Amino acid sequence: AQSVTQLGSHVSVSEGALVLLRCNYSSSVPPYLFWYVQYPNQGLQLLLKYTTGATLVKGINGFEAEFKKSETSFHLTKPSAHMSDAAEYFCAVTPSGGSYIPTFGRGTSLIVHP
Amino acid sequence: GAVVSQHPSRVICKSGTSVKIECRSLDFQATTMFWYRQFPKQSLMLMATSNEGSKATYEQGVEKDKFLINHASLTLSTLTVTSAHPEDSSFYICSASERGTEAFFGQGTRLTVV
């Protein structure tokens, strides 16, 4: 069984400020972890993923996330927010070594103020 | 990167009619395709998983006779909403997986039943 908890349905930051979106997971087997971004009326775009290897993962648009097994976390960060980062962000987990059937978090809406 | 094309992006239909949504993997062979439904401000709800040439596996609570899924080839899956009613209005998203480690998402279809 697996689950994902995204803390905070909304996160508000000023342009240029640090972005931190939290994701905690539970999984009975080693997980693969993903962050997706969704703009209004569009599908999901993969930002980054952790499968194996380095626990600090760099993605597109300046985002990165760190897999911390001891904390069962996979928080998403970006040093400096842009207005264009305003969107919905979803964390997802799928069991490693098997079929990709992800469990999604409820999503976090990132609001960027000028 | 891998591209999944979903069509149409928006559709309005009359109550009682059927609507077909197509999901195509343009540059890879999708052994597995997923169909999701997303309500406003909510996460993705997995409706069904389909493997090429096999019957779709529906999630609990999803009416398979209402939401017909066909995955006839490695590049095309279709979702047909039969006898649509206003409560079926929603945002439907497909995703496609090639090797089972991740999936790529279509742009989504906004269905409005009037």
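The values are calculated or read from the model by the stated rules, or taken from the named source; none is laboratory data. None of these values were measured; they are calculated from a predicted model. We place every Cβ from the backbone using ideal geometry, glycine too, and count neighbours over all the protein chains shown. Remember, those area values only see protein heavy atoms, side chains included, never the ligands or the DNA or RNA. Shrake-Rupley method; radii C 1.70, N 1.55, O 1.52, S 1.80 Å.
Would you pick out the residues in the range A:21-41 that are surrounded by fewer than 18 Cβ atoms within 10 Å (Cβ to Cβ) and outside any strand (DSSP E or B)?
A:Arg22, A:Ser28, A:Val29, A:Pro30, A:Tyr39, A:Pro40, A:Asn41
Just to verify a result, which residue in the range B:21-49, among those that are hydroxyl-bearing (Ser, Thr, Tyr) and within 11 Å of chain A (Cβ to nearest Cβ), is most open to solvent (accessible area, probe 1.4 Å)? Lay out the reasoning, then the answer.
Filtering the range B:21-49 for residues hydroxyl-bearing (Ser, Thr, Tyr) gives B:25, B:31-32, B:36, B:43, B:49.
Restricting the remaining residues to those that are within 11 Å of chain A (Cβ to nearest Cβ) gives B:31-32, B:36, B:43, B:49.
On the way: B:Thr31: 62, B:Thr32: 26, B:Tyr36: 3, B:Ser43: 25, B:Thr49: 20 Å².
Going through the qualifying residues, I end up with B:Thr31.
Regarding the range A:11-20, can at least one residue be identified that is at pLDDT 95 or above, assigned to a loop (DSSP other than H, G, I, E, B) and buried (at least 17 other Cβ atoms within 10 Å of the Cβ)?
No, because not a single residue in the range A:11-20 is at pLDDT 95 or above, assigned to a loop (DSSP other than H, G, I, E, B) and buried (at least 17 other Cβ atoms within 10 Å of the Cβ).
Scan the range B:50-61 and tell me whether some residue there is open to solvent by less than 20 Å² (accessible area, probe 1.4 Å), part of a strand (DSSP E or B) and either touching a Leu at 6+ places or on another chain (Cβ under 8 Å) or aliphatic (A, V, I, L, M) (or both).
No, because not a single residue in the range B:50-61 is open to solvent by less than 20 Å² (accessible area, probe 1.4 Å), part of a strand (DSSP E or B) and either touching a Leu at 6+ places or on another chain (Cβ under 8 Å) or aliphatic (A, V, I, L, M) (or both).
Among residues belonging to the range B:80-101 that are within 14 Å of chain A (Cβ to nearest Cβ) and surrounded by fewer than 16 Cβ atoms within 10 Å (Cβ to Cβ), point out the one that is nearest to B:Ser15 (Cα to Cα).
B:Gly100
Provide a single number: the residues in the range A:47-104 that are open to solvent by 60 Å² or more (accessible area, probe 1.4 Å), within 11 Å of chain B (Cβ to nearest Cβ) and either touching a residue at least 12 places away in the same chain (Cβ under 8 Å) or farther than 20 Å from A:Asn24 by Cβ (or both).
Here the count works out to 5.
Which condition breaks for B:Lys41 when tested against (1) under 21 Å from B:Val114 (Cα atoms); (2) in contact with an Asp or Glu (Cβ under 9 Å, 6 or more places away or on another chain); (3) without any contact (Cβ under 8 Å) to a residue 12 or more places away in the chain; (4) not polar (S, T, N, Q)?
(1)
Please pick out the residue among B:Ser77, B:Ser18, B:Ser5 that is open to solvent by 30 Å² or more (accessible area, probe 1.4 Å), among the hydroxyl-bearing types (Ser, Thr, Tyr) and closer than 29 Å to A:Ala87 by Cα. Write out each step before concluding.
Details: B:Ser77 fails: open to solvent by 30 Å² or more (accessible area, probe 1.4 Å); B:Ser18 fails: closer than 29 Å to A:Ala87 by Cα.
B:Ser5 is the lone residue from the list that is open to solvent by 30 Å² or more (accessible area, probe 1.4 Å), among the hydroxyl-bearing types (Ser, Thr, Tyr) and closer than 29 Å to A:Ala87 by Cα.
For the range B:102-111, how many residues meet the condition of being among the hydrophobic types (A, V, I, L, M, F, W, C) and more than 9 Å from chain A (Cβ to nearest Cβ)?
In the first step, residues of the range B:102-111 are kept if they are among the hydrophobic types (A, V, I, L, M, F, W, C); the result is B:103-105, B:111.
Next, only the ones that are more than 9 Å from chain A (Cβ to nearest Cβ) stay: B:111.
Here the count works out to 1.
Only one of (1) in contact (Cβ under 8 Å) with a residue 60 or more places away in the chain; (2) more than 11 Å from chain A (Cβ to nearest Cβ); (3) out of contact with any Lys or Arg (no Cβ under 8 Å at 6 or more places or on another chain) fails for B:Val114. Which number is that?
The one condition B:Val114 does not meet is (3).
Could you tell me whether the range A:25-41 includes any residue that is away from every other protein chain (no Cβ under 11 Å), within 10 Å of the chain's Cα centre (by Cα) and farther than 27 Å from B:Trp35 by Cα?
Checked against the condition, which is being away from every other protein chain (no Cβ under 11 Å), within 10 Å of the chain's Cα centre (by Cα) and farther than 27 Å from B:Trp35 by Cα, the range A:25-41 yields no hits at all.
From the residues in the range B:27-44 that are part of a strand (DSSP E or B) and closer than 19 Å to A:Val37 by Cβ, which one is modelled with the lowest pLDDT?
B:Leu44
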